[in-house]
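This report concerns only the one structure given below.
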Amino acid sequence: MKVLVQIVVDPPRLESVCKELSKLNEAISVYEVTGEFDIFVELNVNSVKEFRDIMKNKILKINGVKLTESSIVLGEWK
């Protein structure tokens, strides 16, 4: 299942957070973006439990991550 994660980071840590996220096996894409959030990550996970573990034990432990907002993809149109 796909999960989209938007992340706000401490500005001086932006590049290092992107590099750490890129190392995650579950990360399909990592984008630096404009707007309310700084980073957009697309994850491929097997279950909600796996997603929770990735958030709790990996993403939220990266130095510089301040806030996340996640959406589980319910359908893909294109």
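Mind checking which residues of segment 4-52 are acidic (D, E), within 19 Å of V73 (Cα to Cα) and not in a loop (DSSP other than H, G, I, E, B)?
E42, E50
What do you reckon, is T68 closer than 21 Å to M1 by Cβ and modelled with pLDDT of 95 or more?
yes
Taking I62 as meeting all but one of (1) surrounded by 15 or more Cβ atoms within 10 Å (Cβ to Cβ); (2) closer than 12 Å to V5 by Cα, write down the number of the exception.
If we test I62 against (1) surrounded by 15 or more Cβ atoms within 10 Å (Cβ to Cβ); (2) closer than 12 Å to V5 by Cα, just (2) comes out false.
Among the residues of segment 8-58, which ones are exposed (fewer than 15 other Cβ atoms within 10 Å of the Cβ), under 13 Å from the mean Cα position of the chain (by Cα) and over 17 Å from S70 (Cβ atoms)?
K19, S22, K23, N25, E32
Please find, within segment 60-78, the residue that is farthest from L21 (Cα to Cα) out of those that are in contact (Cβ under 8 Å) with a residue 60 or more places away in the chain and in a loop (DSSP other than H, G, I, E, B).
Here is the first cut: in segment 60-78, the ones in contact (Cβ under 8 Å) with a residue 60 or more places away in the chain are 67-73, 76.
From what's left, in a loop (DSSP other than H, G, I, E, B): 73, 76.
Values: V73: 19, E76: 23 Å.
Checked segment 60-78; the qualifying residue farthest from L21 (Cα to Cα) is E76.
The values are calculated or read from the model by the stated rules, or taken from the named source; none is laboratory data. Note that the structure is predicted; figures quoted are calculated from it, not measured. No Cβ is skipped: glycine too gets one built from the backbone with ideal geometry, and neighbour counts run over all protein chains shown.
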